[in-house]
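A.B. asks: Let me give you the structure first, and then I'll get to my questions.
The values are calculated or read from the model by the stated rules, or taken from the named source; none is laboratory data. Remember, predicted model here, so these are calculated numbers, not experimental data. Counting neighbours? That spans all protein chains shown, and the Cβs are built from the backbone with ideal geometry, glycine included.
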Amino acid sequence: MSDKKKMTVPDFKKFKQEGRKFCHVTAYDYTTASIVDDSECEIILVGDSLNMIMLGNQGTVGVTVDQMIQFIKPVVKGAPNTFIVGDMPFGSYNVSPEKAIENANKMLMETNCDAIKLEGGIEMAETIERMVKAGIPMIGHIGMTPQSAASFGGFRMQGGTPEGAKKVIEDAFAIEKAGAIALVLECVPSVVGAAVSKAVSIPVLGIGAGPDVDCQVLVTQDLLGMYGEFKPKFVKQFANIRQAMVDGLNAFHQETIDGIFPGTEYSFNKKVEIPEI
Ligand code: KIV
């Protein structure tokens, strides 16, 4: 059991003011959540990236609110000492602020997660403001927003021109003004990450946004080397769990075909007289 103290909503502002760095990773199941809970990482995102990583689909669009809820629930159970963010899937918040509030309420009430994240800058600011007024702790997500990857021509860096950088900074201001507790900033040049972080009073949770942001975000399956299919430039692999798992499975297979496993150590060795059948 971890003795880590769970981060709270007021801690977001406090950490920013104190210049304290922190980490945000993904989890989509009980076991992974409990492993993150044992680590020092402060935040778990149950991201719609699960549509790729857990469900094997292309991109993040397609997963539903009910599916997200099914994945968030075991994560909440597995990580009682970690702040948990539920990601709103495409289609669940872009119809109207009322629909967004309804879906976010459902996600919060059915899962007991701690905050809700959605993608979009200026265009989503009014929705975020309404959600905050409804009492929902909100996190924005700007820069490269994967749900709109098709309109960017794929998973591409954003803010790479002066106009693009201005748009990212304006989006950040809009999210801050709307009352979000933090914003995810994805796939922008490091100078843009630094400028956004300097400009706003809420923490910037950077993924591919360089070193000068308040928090680093990575997908757990990427940073631990579990997901083999897609490796963006900003992913550092801190472990090779995929290879460790393949090695473990092959060791099991080899001992099985060699007749070594299970042996007496892993068998019930009670003597029983077997009747004639
Ligand atoms: O869904 C997700 O995993 C995300 C992160 C990439 C921030 O939104």
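Listed here are the residues, each with its yes/no results for (1) free of Cβ contacts under 8 Å to residues at least 24 places away in the same chain; (2) in contact with a Leu (Cβ under 8 Å, 6 or more places away or on another chain); (3) surrounded by 11 or more Cβ atoms within 10 Å (Cβ to Cβ).
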position: PHE173; (1), (2), (3): no, no, yes
position: ALA180; (1), (2), (3): no, no, yes
position: LEU185; (1), (2), (3): no, yes, yes
position: GLY193; (1), (2), (3): yes, yes, yes
position: VAL200; (1), (2), (3): no, yes, yes
position: THR220; (1), (2), (3): no, no, yes
position: GLY228; (1), (2), (3): yes, no, no
position: VAL246; (1), (2), (3): yes, no, yes
position: LEU249; (1), (2), (3): yes, no, no
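A.B. asks: Any residue in the stretch 145-164 that is within 22 Å of GLY86 (Cβ to Cβ), without any contact (Cβ under 8 Å) to a residue 60 or more places away in the chain and surrounded by fewer than 22 Cβ atoms within 10 Å (Cβ to Cβ)?
C.D. replies: Yes: the stretch 145-164 contains one or more residues that are within 22 Å of GLY86 (Cβ to Cβ), without any contact (Cβ under 8 Å) to a residue 60 or more places away in the chain and surrounded by fewer than 22 Cβ atoms within 10 Å (Cβ to Cβ).
A.B. asks: Residues that are under 18 Å from PHE90 (Cα atoms) and either more than 14 Å from the ligand (Cβ to nearest atom) or not acidic (Asp, Glu) (or both): find the helices (runs of 4 or more DSSP H) completely inside the stretch 1-76 holding 3 or more of those.
C.D. replies: The qualifying helices (runs of 4 or more DSSP H) are 50-53.
A.B. asks: Limited to the stretch 229-277, what total is found for residues that are β-branched (Val, Ile, Thr), under 38 Å from the mean Cα position of the chain (by Cα) and assigned to a loop (DSSP other than H, G, I, E, B)?
C.D. replies: 1
A.B. asks: Pick from the stretch 89-119 the residues that are touching a residue at least 40 places away in the same chain (Cβ under 8 Å) and buried (at least 18 other Cβ atoms within 10 Å of the Cβ): which of them is farthest from PHE152 (Cα to Cα)?
C.D. replies: Only one residue tops the list, namely THR111.
A.B. asks: In addition: Quick one: LYS73 ticks every box in (1) in contact with a Ser or Thr (Cβ under 7 Å, 6 or more places away or on another chain); (2) surrounded by 19 or more Cβ atoms within 10 Å (Cβ to Cβ) except a single one, so which number is it?
C.D. replies: Failed condition: (2).
A.B. asks: Still on this structure, I have one more. Please state which of the following conditions THR127 fails to meet, knowing it meets all the rest: (1) at pLDDT below 95; (2) within 27 Å of GLY164 (Cα to Cα); (3) of a type in the set (S, T, N, Q).
C.D. replies: For THR127, the exception is condition (1).
A.B. asks: Starting from residues that are in a loop (DSSP other than H, G, I, E, B) and among the aliphatic types (A, V, I, L, M), keep the ones in the stretch 208-228 and report whichever is farthest from ILE43 (Cα to Cα).
C.D. replies: The extreme case among them is MET226.
A.B. asks: Within the stretch 156-198, work out how many residues are aliphatic (A, V, I, L, M) and either more than 20 Å from MET138 (Cα to Cα) or at pLDDT below 95 (or both).
C.D. replies: Residues flagged as aliphatic (A, V, I, L, M) and either more than 20 Å from MET138 (Cα to Cα) or at pLDDT below 95 (or both) within the stretch 156-198 amount to 7.
A.B. asks: Give me a count of the residues in the stretch 193-214 that are farther than 19 Å from VAL235 by Cβ and among the aliphatic types (A, V, I, L, M).
C.D. replies: 6
A.B. asks: If we scan the stretch 97-111, do we find a residue that is part of a loop (DSSP other than H, G, I, E, B) and either at pLDDT 95 or above or in contact with a helix residue (DSSP H, G or I) (Cβ under 6 Å, 6 or more places away or on another chain) (or both)?
C.D. replies: Within the stretch 97-111, none of the residues are part of a loop (DSSP other than H, G, I, E, B) and either at pLDDT 95 or above or in contact with a helix residue (DSSP H, G or I) (Cβ under 6 Å, 6 or more places away or on another chain) (or both).
A.B. asks: Please indicate, with yes or no, whether at least one residue in the stretch 87-104 is touching a strand residue (DSSP E or B) at 6+ places or on another chain (Cβ under 6 Å), closer than 16 Å to THR8 by Cα, within 15 Å of the ligand (Cβ to nearest atom) and of a type outside the set (A, V, I, L, M).
C.D. replies: Within the stretch 87-104 (the criterion being touching a strand residue (DSSP E or B) at 6+ places or on another chain (Cβ under 6 Å), closer than 16 Å to THR8 by Cα, within 15 Å of the ligand (Cβ to nearest atom) and of a type outside the set (A, V, I, L, M)), the answer is no, since none of the residues qualifies.
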